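The values are calculated or read from the model by the stated rules, or taken from the named source; none is laboratory data. Treat the numbers as computed from the prediction; the structure is a model and nothing was measured. Methodologically, a virtual Cβ is constructed for each residue, glycine included, from the backbone with ideal geometry; neighbour enumeration extends over all protein chains shown.
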Amino acid sequence: MPSFDIVSEVNQVEVRNAVDQCNKEITNRFDFKGSDARVEIQDQDKDKILMVFADDNFKLGQVRDVLTAKLAKRGVDVRSLAPGTIEKTSGDTVKQPVTVRVGVEQELARKIVKLLKDSKLKAQASIQGDAVRVTGPKKDTLQEVITLVKKSITDVPLQFKNFRE
């Protein structure tokens with residue numbers, strides 16, 4: 001029975017390269033001379049947290065803009081970024097965690113399963129950890145499922161992998 005997996009992945013090497021490029025540009029920019037603006041990578045379980053530091057909220061926004069531009073240029077989908085709340089640190093400086101989401105979250109996985117059930121397509125979806133496995137009787141049905149999911153879910157970057165016949 002043909003099947004495929006719906007996953008949400010980010011190339012971690014490209015994320016690291018984009019952060020390095022961002023830090024290099026910030027150190028060379030005239031408007032950041034003498035400031036403590038930077039981006040650091042902090043590893044969590046499977047997600048990476050990019051901690052953005054700056055002197056004030058305006059510069060924090062500029063650093064975030066540079067970071068998203070570098071990520072987009074390297075082919076990392078910026079929809080996988082989840083910015084956190086801005087926190088004040090010592091003095092006037094601020095920091096903001098930006099989480100790089102990896103994997104299909106449970107809530108989104110349930111939404112995909114419900115979407116397939118409501119669509120009346122002859123395909124079954126099951127949640128497999130941080131991926132959704134879709135099986136169906138024919139390849140054409142699975143291609144219809146891919147089209148449906150691409151149209152319906154646009155707020156998270158999804159990839160369709162492990163296509164088997």
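Tabulated values for the structure
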quantity: Complete set of residues in the range 51-73 that are touching an Asp or Glu at 6+ places or on another chain (Cβ under 7 Å) and either under 26 Å from Asp130 (Cβ atoms) or not hydrophobic (A, V, I, L, M, F, W, C) (or both); calculated: Met51, Asp55, Asp56
quantity: Exclusive hit being buried (at least 16 other Cβ atoms within 10 Å of the Cβ), basic (Lys, Arg) and in contact (Cβ under 8 Å) with a residue 24 or more places away in the chain, set Lys95, Lys161; calculated: Lys95
quantity: Counted residues, the range 64-115 - those being outside any helix (DSSP H, G or I) and at negative phi; calculated: 26
quantity: Count of the range 8-67 residues which are of a type in the set (Val, Ile, Thr), out of contact with any Cys (no Cβ under 7 Å at 6 or more places or on another chain) and surrounded by 18 or more Cβ atoms within 10 Å (Cβ to Cβ); calculated: 6
quantity: Scan of the range 149-158 for residues that are touching a residue at least 40 places away in the same chain (Cβ under 8 Å) and either closer than 16 Å to Ser119 by Cβ or in contact with a Ser or Thr (Cβ under 9 Å, 6 or more places away or on another chain) (or both), ordered by number; calculated: Val149, Ile153, Val156, Pro157, Leu158
quantity: Residues satisfying the stated conditions in the range 102-134, i.e. more than 30 Å from Val13 (Cβ to Cβ) and in contact with a helix residue (DSSP H, G or I) (Cβ under 8 Å, 6 or more places away or on another chain); calculated: Leu115, Leu116, Ser119, Leu121, Lys122, Ala123, Gln124, Ala125, Ser126
quantity: Single residue of Lys150, Lys138, Lys111 found to be surrounded by fewer than 12 Cβ atoms within 10 Å (Cβ to Cβ), over 30 Å from Arg38 (Cβ atoms), not assigned by TED's automatic domain parsing to the domain that holds Asp20 and not small (Gly, Ala, Ser); calculated: Lys150
